[in-house]
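Take a look at the structure below.
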Amino acid sequence: MIHMQQYRNLAIGIVIIVAILGGFAFFQSDVLGERAARNVVTSFGAQLKNIPLSGESEIARQAIEEKYTEYVSSELLEQWKKIPAGAPGRLTSSPWPERIEITGIVSQGNGYVVSGNVIYMSSVEETQGGVARSQPVVILVVRNNDGWRIAAYQEQQTQEPQD
């Protein structure tokens, strides 16, 4: 026969185990969410060079639909397809946006705010190494019914050096 003290000790032990497992699950989901957000931004960044923004709008719309659908929320995708010039992509033949390098990531509500730099390359940097230029960017990645998606994308203005 188990005494009342043993029931209490058993109950306390169960509560402690549940609390530890719950904390681990929360930590694990936060780590997995951050990793997913990083992967979305990195994979999206690799597609930037494939979006020709300087040509016909219909070609840009098709490229946006084809290359960005799996990375961007449907609302943002529709916005960019409506006004392709507002989407990130390739404006000139050189330099072109090669990738996004992540410099920071912060949990925000049901997603993450990712800061980084769009890295631009030209044939010189491609063969000799280096970077043609970089453009600071802030990206909001959220989880929705489609998985992790970019919900907001904002390139930051950089000041040109004055002579």
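Within the stretch 85-100, the set of residues being within 16 Å of A152 (Cβ to Cβ) and surrounded by fewer than 14 Cβ atoms within 10 Å (Cβ to Cβ) comprises just one member, G86.
Against the definition (buried (at least 19 other Cβ atoms within 10 Å of the Cβ), over 15 Å from the mean Cα position of the chain (by Cα) and in contact (Cβ under 8 Å) with a residue 24 or more places away in the chain), how does G111 come out, yes or no?
no
Go through (1) farther than 23 Å from P136 by Cα; (2) surrounded by 13 or more Cβ atoms within 10 Å (Cβ to Cβ) for K82 and report which single condition fails. Single failed check for K82: (2). Could you grab me the full set of residues in the stretch 60-72 that are crowded, with 18+ Cβ neighbours inside 10 Å and either in a helix (DSSP H, G or I) or polar (S, T, N, Q) (or both)? The answer is A60, A63, I64, K67, Y68.
Cβ-Cβ distances below 7 Å connect the following pairs, each with a first residue in the stretch 52-69 that is hydrophobic (A, V, I, L, M, F, W, C), a second residue that is surrounded by fewer than 13 Cβ atoms within 10 Å (Cβ to Cβ) and at pLDDT below 95, and a separation of six or more residues or different chains: L53/A85.
Across the stretch 5-12, a minimum of one residue is classified as surrounded by 10 or more Cβ atoms within 10 Å (Cβ to Cβ), among the β-branched types (V, I, T), over 18 Å from the mean Cα position of the chain (by Cα) and modelled with pLDDT under 95.
Can you pull out the residues in the stretch 80-110 that are in a strand (DSSP E or B) and not basic (K, R)? Once the filter is applied, which keeps residues that are in a strand (DSSP E or B) and not basic (K, R), the stretch 80-110 yields W96, P97, E98, I100, E101, I102, T103, G104, I105, V106, S107, Q108. The listed residues are I139, I100, and the only one of them that is touching a residue at least 12 places away in the same chain (Cβ under 8 Å) and closer than 20 Å to D30 by Cβ turns out to be I139.
With respect to the conditions (1) outside any strand (DSSP E or B); (2) of a type in the set (A, V, I, L, M, F, W, C); (3) within 23 Å of A36 (Cα to Cα), V113 lacks only one, and its number is (1). Of all residues in the stretch 40-59, those satisfying the criterion of being part of a loop (DSSP other than H, G, I, E, B), out of contact with any Phe, Trp or Tyr (no Cβ under 7 Å at 6 or more places or on another chain) and not charged (D, E, K, R) are A46, I51, L53, S54, G55.
Residues that are under 15 Å from R149 (Cβ atoms) and either modelled with pLDDT of 95 or more or touching a His at 6+ places or on another chain (Cβ under 9 Å) (or both) do not occur anywhere in the stretch 15-33. So which residues in the stretch 56-73 are touching a strand residue (DSSP E or B) at 6+ places or on another chain (Cβ under 8 Å) and either of a type in the set (S, T, Y) or within 12 Å of F44 (Cβ to Cβ) (or both)? Answer for the stretch 56-73, where residues must be touching a strand residue (DSSP E or B) at 6+ places or on another chain (Cβ under 8 Å) and either of a type in the set (S, T, Y) or within 12 Å of F44 (Cβ to Cβ) (or both): Y71, V72, S73.
The values are calculated or read from the model by the stated rules, or taken from the named source; none is laboratory data. Since the model is a prediction, treat every value here as computed from it, not as a measurement. Backbone-built Cβ (ideal geometry, glycine too); neighbour counts: all protein chains shown.
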